[in-house]
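What follows is one structure encoded as structure tokens, with my remarks underneath.
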Amino acid sequence: MATIARRDCVKGLLGLAASSCLLGRADAAQESPVPAQGIGRRFRHLSYSDIGGRPDSVQVMVNRGHLYVGHMFSNGVTILDASDPRRLKPAGFFTGGGFTRTHHLQVAEDLLLLANGANIVAMQSYDNIRGYFENALADSITNRKQFRSGLSIHDISRPAEMKEIAFLEMPGLGINRVWWTGGRYAAIAAHFDGFTDHILCMVDLNNITKPEIVSRWWMPGMNRAAGEAPALAPGRRVALHHMITAGDRGYGAWRDGGFTVHDLSDPARPRLISHINWCPPFPGGTHTPLPLPGRNLAVVADEANAERCAKGTFHTFIVDLRVPENPVPISTLPTPGERNFCSLGTFGPHNLHENRPGSFRSEETIFATYNNAGVRVFDIKDAFAPKEIAYWVPPAPRRLIDPRPNVALAAKSADIFVTTGGLVYVTDWNAGLNVLQYEG
């Protein structure tokens, strides 16, 4: 096993191609076991947490030396004391109640904004993960239970506590993601009764205990109650996954509906500047729209949403926004290829580190999660020729938390948060949270 320590051999150890690095063996098809802490290049593994026995983790936020981790299946948020990143300790737990999923959250100004919505998987049986991704949300739930739908706001000035100070009800199936880095307005992806799926909702937080919806915006065909006809073919889902803002611009990811740029100078009247959709020919799933305003670029990740590459290869695009009325994709980030990831489960992009204030921020170095291919770091100084410069691949989980059938027992790296000191917190839908040190 001595060859594992040789950095120039790591890619060979993970791959299936012939290499003299493979433990000195001529048989390249026989890989060495992946160590418990994963394997990669330019990363050091610091610690692991099963998040207090709730290892199904999605979004992670940092405030006052504590982590706030939203769960995919466990109906709640876990607070971890991260004062020593090598020894994370559970410090608290909040739940919105049964069948209420709170997997996405935002933290700023000692406040936490939390998405509340239907725990769809707990209510509904899917044959596989595609059942969720290829149907309008309104048509996806036929076994509806009672749950909370809306935005809850929490005082976290005492880090181990989440004191709810407001709840903004949104009648419907709830919120998917929230974008808020402080200030007056939050951009929210929410479902409202009468609509097919999540739409854009701008919320005014001027009076933090009485938040107010000031506008809603949706793609044509989403307002079923108003008689709008679907704009996409069956099997294609139009839904705002989430929006990220920069200045008075908003950048939206609409799953199979593509990528939008909005003028938000008047949050009460969002105005569409442009819309582009590369699905088809690409398989869709547009998930994360990361603006790089200093370079007039955006990095846009399409979420891989089928097992074993059944829908083809999902990509992360670099989009030229010098003319915001005419966005142009100019390249894609390299697809990891050091092993046959397609054979292992869900492979391809999930999320990006989103350059939040107070975190690591760069318009040249991009951190991303790639499901069973783990964490990937890309250098995009040359936006036309991005290159991978580091990676970390976790081991497969010991068991599945995901209750859906036909889901592979494989890593599912979900969300990522990178600190200014290069600490990397990375979550997994089934396998808890890992802390890495980036050594780039």
Contact order normalised by residue count of the chain, Cα under 8 Å, 6+ apart, percent: 15
What is the calculated FRET efficiency for residue 109 to residue 139, with r their C-beta to C-beta distance and R₀ = 35 Å, to the nearest 0.05? 0.35
The chain - mean residue ellipticity at 222 nm from DSSP helices (-39,500 (n - 2.57) per run, n ≥ 4, rounded to 500): -500 deg cm²/dmol
So who's got an amide H within less than 5 Å of the one on residue 57, skipping anything under 5 residues away but keeping other chains? H placed 1.01 Å off N, in plane. 72, 428, 429, 430, 431, 432
Of the options 270, 285, 306, report the single residue whose Cα projects farthest towards the positive end of the charge dipole of the stretch 261-307 (beta-carbon charges: Lys, Arg +1; Asp, Glu -1). 270
Neighbour-count order for 254, 217, fewest beta carbons within 10 angstrom listed first: 217, 254
How much net charge surrounds residue 64 when only other residues with a Cβ under 13 Å from its Cβ are counted (Lys, Arg +1; Asp, Glu -1)? -4
List the aspartates and glutamates whose Cα sits under 15 Å from the Cα of residue 381, skipping any in the same chain fewer than 8 residues away. 320, 363, 364
When averaged across all projection directions, what area in nm² does the alpha-carbon convex hull of the stretch 100-164 cover? 5.4
Plugging the Cβ-Cβ distance of residue 322 and residue 387 into 1/(1 + (r/R0)^6) at R0 = 22 Å yields, to the nearest 0.05, a FRET efficiency of 0.50
What is the fewest-to-most order of 73, 93 by other Cβ atoms lying within 10 Å of their Cβ? 93, 73
Mind checking the full-extension length gain between residue 296 and residue 308? Use 0.36 nm per residue of separation minus the Cα-Cα distance, one decimal, nm. 0.9 nm
Report, to two decimal places, the Cα Rg of the chain normalised by 2.2 N^0.38 Å (N = number of residues). 0.94
May I ask you to derive the FRET efficiency for residue 379 and residue 184 from their Cβ-Cβ distance with R0 = 41 Å, giving the value to the nearest 0.05? 0.70
Reachable aspartates and glutamates, given that their alpha-carbon falls under 13 Å from the alpha-carbon of residue 210 and they are not under 8 places away in the same chain: 164, 169
Can you sort 133, 167 so the residue with the fewest Cβ neighbours within 10 Å comes first? 167, 133
Pseudo-spin-label distance residue 275 to residue 225, built 7 Å along Cα→Cβ, given in nm, is 2.1
Quickly work out the residue 146-to-residue 42 label distance, labels modelled 7 Å from Cα along the C-beta direction, and quote it in nm with one decimal. 5.3
For residue 345, the residues 5 or more places away or on another chain with a placed amide H closer than 5 Å to its own amide H are 308
Heads up, the stretch 215-265 by the C-alpha gyration tensor (a ≥ b ≥ c square roots of eigenvalues; a/c under 1.5 rounded, else a/b over b/c prolate, else oblate) looks oblate
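No value in this document is a laboratory result; all are computed from the given coordinates. Owing to the predicted nature of the structure, the values given are computational and were not obtained by experimental measurement. Reconstructed Cβ throughout: ideal geometry from the backbone, glycine too, with neighbour counts over all protein chains shown.
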